[in-house]
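Since the structure comes first, as structure tokens, the remarks are kept for the end.
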Amino acid sequence: MGMIERIFGFVFGSSSSALRDTVEVFRENAEAGAGRSAEIQKQAMSQLGAEFAMPRLGWFDRFMDGLNRLPRPALALGTLGLFVSAMVHPLWFAERMQGIALVPEPLWWLLGVIVSFYFGARHQVKAQDFQRDIAASMIRVPQMIENVQALEKMRFVNGPVAQTGHDAALETASLAPQENPALIAWQAARR
């Protein structure tokens, strides 16, 4: 037993904290890490509190605070509105997207820079990819129009009606109720 004890003492040291010190070389001390994290959180909260410590007295300060909070919700709700309008009225949406496809590329770059600056860490490439995606969607518009027209032809309006063309008498005869032989036989069997 003494030999093993000496080997462990040589590798890890003879004191009780030597093992902890050796392990902390390979793994962070969780308690000390939590203390550092709490201190960082405390400093961040005190900095945030100091920012709002001055009362906003003027109407301009209140107006600017409200204005600074508008773009993110407006963009989020506007994007959701685009999805809803695409489902509710696809032709109207396609017409608007056709107009967006005509926006010149430098204007997209400018919009990308403004949005990137406002939201931070956004890249110019995303705006250009967005424009390419819109152009790719616009290519599918004729197929979408054909699909909508095909769906409109399948719409159930007044029930199944025979294709009578312009013959009014044939149309009237096709809509007149007729006797159902199966129903008559079933009613006779029940009596």
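When the test is whether a residue is assigned by TED's automatic domain parsing to the domain that holds N147 and either over 22 Å from the mean Cα position of the chain (by Cα) or farther than 25 Å from Q128 by Cβ (or both), L75 does not pass it. When region 95-124 is filtered for residues that are at pLDDT 85 or above and more than 20 Å from A74 (Cα to Cα), the ones remaining, listed by number, are E95, Q98, G99, A101, L102, V103, P104, E105, P106, L107, W109.
Rundown of residues vs (1) at pLDDT 85 or above; (2) assigned to a helix (DSSP H, G or I); (3) of a type in the set (D, E), yes/no style:
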residue	(1), (2), (3)
F10	no, yes, no
S14	no, no, no
S17	no, yes, no
M54	no, no, no
G81	yes, yes, no
A86	yes, yes, no
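Look at E39 and say whether it is among the charged types (D, E, K, R), modelled with pLDDT under 85 and out of contact with any Leu (no Cβ under 6 Å at 6 or more places or on another chain). Criteria not met by E39.
The values are calculated or read from the model by the stated rules, or taken from the named source; none is laboratory data. The structure presented is a predicted model; accordingly, all values stated were derived computationally and were not measured. Counting neighbours? That spans all protein chains shown, and the Cβs are built from the backbone with ideal geometry, glycine included.
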